[in-house]
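The block underneath contains the structure these notes are about, expressed in structure tokens.
The values are calculated or read from the model by the stated rules, or taken from the named source; none is laboratory data. Given the structure is predicted, the values throughout are model-derived calculations rather than measurements. Cβ sites come from the backbone with ideal geometry, for glycine too, and all protein chains shown count toward neighbours.
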Amino acid sequence: MKAHRAILIKLPRDKCDANYIKRLMALTNLVYRGFEVRVSDLPKTIQHQLYGFKNYMESLVFGTTPKKWFAETWVPLKTLRIYQDGSMKGDKGAPVALDFRSDVIRLRQVCRNEPGFVVEVPMPRWVIERVGEGGDVKFAMIGLRDDEPYLALIAERMVEPYQPSGYILAIDVNSWRYGIAWGLIRNGRIVSFKQDGLNPQRIVSLYNQAVRREKKVGRLKRLGLEDALNVKRAGRMARRLRSHAYRLIRAEAVFLARKLTKKALRYGAFVVIDDVDWESLRELLIRRYGGRVGKLLLSGLKGFVKLLVTQLEWYGAPYEFRRLYSRKCPRCEHELTQEEGRTMVCTNCGFKAPRDKVPMYWAIKEVHPGDREKAQ
Ligand SMILES: [Zn+2]
């Protein structure tokens, strides 16, 4: 199985011509839609590349099918890898060269339409680590995000999922009110259980502070005071609070995905991820926290699941998605009743468990990694 991981590297703005990259992106979009376009003033080497990628793009991490005209399509690029012993892999004329002898990445004529124009960026540690794990960076992409130029590197690795040891790692992606819950299961018993994650109250409070300040700025602007010093300061503060909230969510998703992948590997576990009904979770979060914060929290959870799956695949941890309920009896599927202290009780069969652990019992009921081995 081929596993992929990707990283985004910000390119130096002053050395990149954003309009040129924009044109390349538009051209990529056309090529991907099946048009034969040759533009006389763009380098042939790069145009030639695009056609070579045509049937490839969907398999690349960033290569999603452009649905709209002029939708932002990242420009796929081949890479040349030059290793420490001087050996090389890839196309010698590739526009992106990863040089492991001097630990730099050279971009030839992809940042500006000038013959021989080269931009050098330092080799990220991420690349060294992925290569150290047996990966290879065969492709790169260049594109703009929020009008800033970025290089995306895509590492690829052939990996076979390991045989699970008998442990199950069940991951419940709940509303994030009590964090993400995970349990380690063996022989039908919960060996350990933890609720981990971000305190959404902190996000909500940061976000609401930002909104309050933005409102204040808006009020003062309407009074014609936009130049006043404190208006500018309030505007800056609002932006800072908002981006702080975004960063917190992202950092938490990265941290948890990493932690749980490591845990799966350590125990040789079979991983079960709650197959979230995103639509109803979205409604729940919006009802509880309001539209903007709700959506922000939702995107954090989605990001977490995506990162987790990417890493599990990369390290060959077997996983599957299962709906892990918290209000339905894992024994008889009867609706559970909540009692004091968040205890869930089944009036039909007498099942009783703390609410947050009910999804773990669903994992015990539904998942039998051993069966899979026997079936093979
Ligand atoms: Zn029951």
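Residues that are within 19 Å of Lys92 (Cβ to Cβ) and β-branched (Val, Ile, Thr) within segment 132-143 comprise just one, Val137.
Just one of (1) free of Cβ contacts under 8 Å to residues at least 24 places away in the same chain; (2) in contact with a Ser or Thr (Cβ under 7 Å, 6 or more places away or on another chain); (3) more than 10 Å from the ligand (Cβ to nearest atom) fails for Gln311. It is (1).
Can you confirm whether segment 301-319 contains a residue that is touching a helix residue (DSSP H, G or I) at 6+ places or on another chain (Cβ under 6 Å), surrounded by 14 or more Cβ atoms within 10 Å (Cβ to Cβ) and modelled with pLDDT under 90? Scanning segment 301-319 turns up at least one residue that is touching a helix residue (DSSP H, G or I) at 6+ places or on another chain (Cβ under 6 Å), surrounded by 14 or more Cβ atoms within 10 Å (Cβ to Cβ) and modelled with pLDDT under 90.
On the given criteria, is Ala317 within 19 Å of Val173 (Cα to Cα), away from the ligand (no atom under 16 Å from the Cβ), over 24 Å from the mean Cα position of the chain (by Cα) and not β-branched (Val, Ile, Thr)? No: the conditions fail for Ala317. Going through (1) more than 32 Å from the chain's Cα centre (by Cα); (2) touching a residue at least 40 places away in the same chain (Cβ under 8 Å) one by one, Lys357 falls short only on (1). Looking across segment 227-278 at every residue that is charged (D, E, K, R) and under 16 Å from the mean Cα position of the chain (by Cα), the one that is farthest from Ala317 (Cα to Cα) is identified as Arg247.
Candidates Glu339, Glu366, Glu320: the one that is touching a residue at least 40 places away in the same chain (Cβ under 8 Å), out of contact with any Asp or Glu (no Cβ under 9 Å at 6 or more places or on another chain) and not hydrophobic (A, V, I, L, M, F, W, C) is Glu366. When segment 329-350 is filtered for residues that are touching a helix residue (DSSP H, G or I) at 6+ places or on another chain (Cβ under 8 Å) and within 16 Å of the ligand (Cβ to nearest atom), the ones remaining, listed by number, are Pro330, Arg331, Leu336, Gln338, Thr343, Met344.
Just so you know, in segment 113-151 the residues that are of a type in the set (Phe, Trp, Tyr) and not in a loop (DSSP other than H, G, I, E, B) include one that is surrounded by the most Cβ atoms within 10 Å (Cβ to Cβ), and it is Phe139.
Considering only residues in segment 351-365 that are over 16 Å from Leu184 (Cβ atoms) and of a type in the set (A, V, I, L, M, F, W, C), the one that is nearest to the ligand (Cβ to nearest atom) turns out to be Phe351.
Can Arg323 be described as closer than 30 Å to Leu206 by Cβ, surrounded by fewer than 17 Cβ atoms within 10 Å (Cβ to Cβ) and either polar (S, T, N, Q) or out of contact with any Cys (no Cβ under 9 Å at 6 or more places or on another chain) (or both)? No, not satisfied. Looking at segment 260-272, is at least one residue within 16 Å of the ligand (Cβ to nearest atom), surrounded by fewer than 17 Cβ atoms within 10 Å (Cβ to Cβ) and farther than 16 Å from Ile180 by Cα? No, every residue in segment 260-272 fails to be within 16 Å of the ligand (Cβ to nearest atom), surrounded by fewer than 17 Cβ atoms within 10 Å (Cβ to Cβ) and farther than 16 Å from Ile180 by Cα.
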